[in-house]
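Worksheet: the structure to be examined is printed underneath.
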Amino acid sequence: MKIHSLGYRTDLIFNRFNGEVIDRGEYLVIRTPANPTFYWGNYLLFARPPKPQDYARWRDLFVAEIGPNPPVKHMVFGIDGTNDEIGDVDAFLTAGFEVERSIILTAQAVARPPRCNQEVTIRPLVTEAEWAENLELQIFCFQQDHEPVGYRVFADRSQAGARAMIDAGLGQWYGAFLGETLAASLGLFVEDGVGRFQAVGAHPDFRRRGICGRLVYETARLGLETMGARTLVMAADPEYHAARIYESIGFAPTEWQVGLQWVEK
């Protein structure tokens, strides 16, 4: 299956390393056995948007390929494409699915943003204490409405996967430090000249101070100058202000990434 979406294509960098990707022709099966509660690491990616008759068939395919509910407590379908066409989703919405949309931004060059904090030091995470602090930061930033215990397990496994990729020479995780305090962090991983950012997060105590702008700018520059990236890719919530920070650095909206997600309440 040829994938047109740059968002999904770069997602598969992580899915392949930490799990398995199986091509069924009209869809891909993505599994991450080491992290079964990772919704977007255990899903089906379809080549086209759903038609009215697809709900039951897609659901049955998910059960056959990923697993039944229980033990799986989610059902996720990615839809390949570059626009925000979601197809006929009435049956999915009636069943409790939500439409997931991200804006994909790309850059081939970057510039220092107008707000660029000079107090922080940008460097890779090194010590176990720094990685432990990063885990707490990631949980604080991204847990939101997730169940706390389950999300901690997911986040810990995800960080272990990122560290394995770093050990394999595929990327790096950078932090913005104020003294010894980790104020913000992100990952950048490169494959075939394409660099994909991961989990850009800043502690609320340090937001709106130009720290994320500085972190993304410095990391992007390193990606282009020393990590072999020719194109940088960032996925962002179109309703969240972070996309504007990325655009101030030189990223431009390129395409939409869409999918459907159901999670057991």
Subject >> Potential extension, ALA168-GLU239 segment - 0.36 nm per residue separation minus Cα distance >> reply: 22.1 nm
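Can you give the FRET efficiency to the nearest 0.05 for THR127 and ARG48, using r as the Cβ-Cβ distance and R₀ = 51 Å?
The formula returns an efficiency of 0.60 here.
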Subject >> In degrees, nearest ten, helix 148-167 long axis to first principal axis of the chain (Cα) >> reply: 70
Original post:
When only alpha-carbon atoms count, how far does the range 4-44 stretch along each of its three principal axes, as whole angstroms with the largest first?
Top reply: 27, 19, 16
Original post:
When the Karplus curve 6.51 cos²θ - 1.76 cosθ + 1.60 is applied with θ = phi - 60°, which whole-Hz ³J(HN,Hα) does each residue of the range 104-116 get, with x for Gly and Pro?
Top reply: 9, 10, 10, 8, 10, 8, 9, 9, 4, x, x, 9, 9
Original post:
Counting only protein heavy atoms and using a 1.4 Å probe, what share of the accessible area of the chain belongs to carbon plus sulfur, as a whole percent?
Top reply: 51
Original post:
Among 147-157, 30-40, what's the highest-first ranking by average C-beta atoms within 10 angstrom per residue?
Top reply: 30-40, 147-157
Subject >> Set of lysines near LYS2 by C-alpha distance (under 24 Å), chain-local residues within fewer than 8 positions excluded >> reply: LYS51
Original post:
Per residue, what accessible area does the range 1-95 have, given a 1.4 Å probe and all protein chains present, in Å²?
Top reply: 46
Original post:
When the Karplus curve 6.51 cos²θ - 1.76 cosθ + 1.60 is applied with θ = phi - 60°, which whole-Hz ³J(HN,Hα) does each residue of the range 219-229 get, with x for Gly and Pro?
Top reply: 5, 4, 4, 5, x, 6, 8, 10, 9, x, 7
**OP:** Find the all-direction average of the projected area of the Cα convex hull for the range 196-265, expressing the result in square nanometres with one decimal place.
**Re:** 6.5
Subject >> Once exposed loop GluC sites (Glu not before Pro) are cut out (DSSP; at most 15 other Cβ, 10 Å), longest piece of the chain >> reply: 120-179
Original post:
So what does the Cα-only Debye profile of the range 28-146 read at q = 0.10, 0.17, 0.23 Å⁻¹, as log10 I(q)/I(0), no solvent term?
Top reply: -0.50, -1.03, -1.39
**OP:** Could you tell me how many degrees, from 0 to 90 and to the nearest 10, lie between the Cα long axis of helix 54-65 and the main elongation axis, the longest principal axis, of the Cα atoms of the chain?
**Re:** 70
Subject >> Table column - 3J(HN,Hα) (Hz), the range 80-89, Karplus curve with 6.51, -1.76, 1.60, x for Gly and Pro >> reply: 5, x, 10, 10, 9, 5, 10, x, 8, 10
**OP:** Averaging sequence separations of C-alpha pairs under 8 Å and six or more residues apart, then dividing by the length of the range 101-188, give the relative contact order as a whole percent.
**Re:** 35
Original post:
Taking the radius of gyration and the Kirkwood hydrodynamic radius from Cα positions alone, what is the Rg/Rh ratio for the chain, to two decimal places?
Top reply: 0.96
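What value does the range 142-265 have for Rg/Rh, both radii from Cα atoms and Rh as Kirkwood defines it?
My calculation of the ratio gives 0.96.
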Original post:
By a straight-distance test (C-alpha under 22 Å), which lysines pair with LYS73 as possible cross-link partners, with residues fewer than eight away in the same chain excluded?
Top reply: LYS265
**OP:** Have a look at LEU61, LEU188, LEU44 and tell me which one the Gaussian network model of the chain (Cα, springs below 10 Å) gives the largest fluctuation.
**Re:** LEU61
Original post:
For the range 1-90, what's the relative contact order in percent, using C-alpha pairs closer than 8 Å and at least 6 residues apart?
Top reply: 30
Original post:
Relative to the longest principal axis of the chain, what angle (0 to 90°, nearest 10) does the C-alpha long axis of helix 6-18 take?
Top reply: 90
Original post:
Length gain on complete extension for the stretch VAL21 to ALA95, per 0.36 nm per residue less the alpha carbon to alpha carbon distance?
Top reply: 24.0 nm
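The values are calculated or read from the model by the stated rules, or taken from the named source; none is laboratory data. Predicted model, so just to flag it, every value in this text is computed and none were measured. No Cβ is skipped: glycine too gets one built from the backbone with ideal geometry, and neighbour counts run over all protein chains shown. Note: areas computed on protein heavy atoms with side chains; ligands, DNA, RNA excluded. Shrake-Rupley method; radii C 1.70, N 1.55, O 1.52, S 1.80 Å.
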